[in-house]
Amino acid sequence: MSANASTVYVIDDDKSLSQALCLLFESVGIGCRPYSNVEDFLAADLGPEPACLLLDVRLPGTSGLDFQSKLGEYGIDLPVVMMTGHADVPMSVRAMKAGAVDFLPKPFREQELLDAVGVAIEKDRIGRRKTSSVSKVVETFQAMSLREQQVMTMVTSGLLNKQVAGQLGLSEITVKIHRGSAMRKMGAKTLPDLVRMAEIVKGTQAVADRRTDA
């Protein structure tokens, strides 16, 4: 798979339209996988490449709008471009409020569709980079010793070395050693860098706690 590979997952029960859309996307180097309904899409395995959903509003079974509102419940984090042959204002407002990148009434111009899909795929590509960066920070923190984690957490909360030493029952020199070790392992060049990383760890833990409580 090339570094620029991407895919559009088309969910539309009009097979001839889906085929035409796939030909269009493939002509500009974008992969395409068509599905006739939400259920078929959910049964498929998604690739690791940046992607987006091109979703028709009216579908047999679960409607496009209903599926869009439940993406999080299915663990799907893909940007959505909605399309419909029966557009109305409330429908488009609902889709956009739910986070759709664009809402395209049929028939649409090819370039209009390609532009919307391009924006959606780039949004997913950026999101994947951020997720990867966050994961690396959290994994590095978790791989450190307990003392390094404690010192990092306390120092980045605003405590001085001597205050950390007093609370942990360590010498100030030992705290400085753990602090320096934590900064090296985390790849932090400055204390503000370490503070930002600590906030990422804290935010990730807060999300995990909420999921556990739910």
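The values are calculated or read from the model by the stated rules, or taken from the named source; none is laboratory data. Everything quoted here is computed from the prediction, not taken from an experiment. Positions of Cβ are generated from backbone atoms using ideal geometry, with glycine treated the same way; all protein chains shown enter the neighbour counts.
Hey, can you tell me all the residues within region 127-146 that are surrounded by fewer than 16 Cβ atoms within 10 Å (Cβ to Cβ) and in a loop (DSSP other than H, G, I, E, B)? Ser145, the sole residue that qualifies. The condition of being farther than 19 Å from Leu114 by Cβ and without any contact (Cβ under 8 Å) to a residue 12 or more places away in the chain holds for only one of Gly75, Gly47, that being Gly75. For Asp115, indicate whether it is out of contact with any Leu (no Cβ under 9 Å at 6 or more places or on another chain) and surrounded by 12 or more Cβ atoms within 10 Å (Cβ to Cβ). Yes; evaluated as a whole, the condition is true for this residue. Within region 147-175, the set of residues being surrounded by fewer than 16 Cβ atoms within 10 Å (Cβ to Cβ) and either of a type in the set (Lys, Arg) or not assigned by TED's automatic domain parsing to the domain that holds Leu194 (or both) comprises Lys162 only. Residues that are crowded, with 17+ Cβ neighbours inside 10 Å, of a type outside the set (Ser, Thr, Tyr) and assigned to a helix (DSSP H, G or I) do occur in region 40-58, at least one of them.
Taking Pro34 as the residue in question, decide whether it is modelled with pLDDT of 95 or more and either farther than 23 Å from Asp115 by Cβ or in contact with a Ser or Thr (Cβ under 8 Å, 6 or more places away or on another chain) (or both). So Pro34 fits the description; yes.
Matching residues to (1) at pLDDT below 90; (2) within 25 Å of Gly47 (Cα to Cα); (3) assigned to a strand (DSSP E or B):
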{"position": "Leu78", "(1), (2), (3)": "no, yes, no"}
{"position": "Val81", "(1), (2), (3)": "no, yes, yes"}
{"position": "His86", "(1), (2), (3)": "yes, no, no"}
{"position": "Arg94", "(1), (2), (3)": "yes, no, no"}
{"position": "Gly99", "(1), (2), (3)": "yes, yes, no"}
{"position": "Leu113", "(1), (2), (3)": "no, yes, no"}
{"position": "Lys123", "(1), (2), (3)": "no, yes, no"}
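If you check every pair at least six apart or on different chains, which have Cβ atoms under 7 Å apart with a residue in region 11-22 that is farther than 13 Å from Leu113 by Cα and assigned by TED's automatic domain parsing to the domain that holds Cys52 first and a residue that is in a helix (DSSP H, G or I) and of a type in the set (A, V, I, L, M) second? Note: pairs meeting the criteria are Ile11/Val38.
Looking only at region 149-159, decide whether some residue is farther than 24 Å from Asp66 by Cα and touching a Lys or Arg at 6+ places or on another chain (Cβ under 6 Å).
The answer is yes, given that some residue of region 149-159 is farther than 24 Å from Asp66 by Cα and touching a Lys or Arg at 6+ places or on another chain (Cβ under 6 Å).
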